[in-house]
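Laboratory data are not the source of any read-out in this text; all were calculated from the coordinates shown. Model, not experiment: these values are computed from the prediction. Quick reminder, even Gly has a Cβ in these numbers, built from the backbone with ideal geometry, and neighbours come from all protein chains shown.
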Amino acid sequence: MKTQRLSAIRDVVASSPVASQDELRRKLRRRGIHVTQATLSRDIHELRLSKGPGGYVLPNGNGIHASAEDDGPPSFEEMLESFGLRVRQAMNQVVVSTVLGGAQPVAAALDRVGWPEVVGTIAGDDTVLVICADQRKAGDVEDRIRTLLES
């Protein structure tokens, strides 16, 4: 059943735009696959789907709205452009505000970048907490993120 469900998810995402988990769940239900939101979240994670402004895409670029030249996950800059709203320093931490549901993709992309000033990230629904080693490094990170948000 799981293999069939994962295959159906791949097919749905590759063949039509899917803007949200709820929309994906409805499209799967039309195919006779009933799935809970928690299971769907795990499936999306397992399939390494990413969500951008055009909706969910497969990690190898096999979606109708995936870029043909990029097989990797979206860059931090792309995630910040898609989801980022504002940034603010708080001592040795930086708080990045995102649209609802945008914090986890932004945090994951920042983790992948591997900035040496960043010790780690914690993501909620619309807020990313970026932890730095000290206040100076947090200021540097805030400046870099603010520049990206303003460009």
Exercise. By how many degrees, 0 to 90 and rounded to 10, does the Cα axis of helix 103-113 deviate from the longest principal axis of the chain?
Worked result: 70
For this session: Using only Cα atoms, locate the centre of the stretch 79-145 and the centre of the stretch 14-49, then give the distance between them in Å, rounded to an integer.
Result: 28
Exercise. In which sequence would Arg86, Arg10 go, from the one with the fewest C-beta neighbours within 10 Å to the one with the most?
Worked result: Arg86, Arg10
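Expressed as a whole percent, how much of the Cα-Cα distance distribution for the stretch 8-58 exceeds 15 Å?
On the way: 442 of 1275 pairs.
It works out to 35 percent of all Cα pairs.
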Exercise. Relative to the compact globular guide of 2.2 N^0.38 Å, what is the alpha carbon radius of gyration of the chain, as a ratio?
Worked result: 1.14
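For every helix of n ≥ 4 consecutive DSSP H residues, a contribution of -39,500 (n - 2.57) applies; sum these over the chain, divide by its total residues, and give [θ] at 222 nm rounded to the nearest 500 deg cm²/dmol. Could the numbers behind the result be given before it?
Working: 6 runs with 70 residues, N = 151.
Here the helix-only value at 222 nm equals -14500 deg cm²/dmol.
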For this session: Pop out the ³J(HN,Hα) list for the stretch 80-90 in order, Karplus 6.51 cos²θ - 1.76 cosθ + 1.60 with θ = phi - 60°, rounded to Hz; leave Gly and Pro as x.
Result: 5, 5, 6, 10, x, 10, 7, 9, 8, 8, 9
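Which length gain, in nm to one decimal place, applies between Ser20 and Ser151 when the Cα-Cα distance is subtracted from 0.36 nm times their residue separation?
Values: separation 131, 0.36 × 131 = 47.16 nm, distance 2.69 nm.
Length difference between fully extended and current span is 44.5 nm.
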